[in-house]
Amino acid sequence: PGTTKYSEITLKRTLSPDKAFWNWAKSIRDGKTEFRTDGAVLMFDISGKTIVGNWKFANAWPSKWSASDLDVGTDDIMQEEVTLQVEMLERVV
């Protein structure tokens with residue numbers, strides 16, 4: 001009973017040339033688009049061929065973006081982290 005509350009979703013990946021998230025965030029900042037969107041998070045097995053988890057979310061918007069520090073003294077790969085606020089989360093698989 002009562003109102004359901006969903007936690008935020010935090011996604012991490014190696015920094016990539018894919019600018020889809022960046023373009024979405026920029027369009028929100030520029031006031032060119034509705035900032036909420038629906039989507040899904042798919043989790044694959046180690047082979048990358050079989051889906052072992054699938055979550056749909058609704059009315060999500062980015063609340064935080066960060067990247068790991070640039071350090072020329074290490075060969076660590078840069079990571080980026082995105083935090084999404086969601087209004088609905090549903091496990092499909």
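The values are calculated or read from the model by the stated rules, or taken from the named source; none is laboratory data. Because the structure is a prediction, the values reported are computed rather than measured. Because the Cβ atoms are built from the backbone with ideal geometry, glycine has one as well, and the counts that use them run over all protein chains shown. Remember, those area values only see protein heavy atoms, side chains included, never the ligands or the DNA or RNA. Shrake-Rupley method; radii C 1.70, N 1.55, O 1.52, S 1.80 Å.
Quick look at the values:
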quantity	calculated
Residue, nearest to Ala67 (Cα to Cα), within the range 22-43, restricted to residues that are of a type in the set (A, V, I, L, M, F, W, C) and in contact with a strand residue (DSSP E or B) (Cβ under 6 Å, 6 or more places away or on another chain)	Ala25
Selection count, the range 69-83, where residues are out of contact with any Asp or Glu (no Cβ under 6 Å at 6 or more places or on another chain), open to solvent by less than 60 Å² (accessible area, probe 1.4 Å) and in contact (Cβ under 8 Å) with a residue 40 or more places away in the chain	4
The range 19-32, residues that are loosely packed, with under 13 Cβ neighbours inside 10 Å and more than 13 Å from the chain's Cα centre (by Cα)	Asn23, Lys26, Arg29, Asp30, Gly31, Lys32
Filter result for Lys56 (over 13 Å from the mean Cα position of the chain (by Cα), open to solvent by 90 Å² or more (accessible area, probe 1.4 Å) and not hydroxyl-bearing (Ser, Thr, Tyr))	no
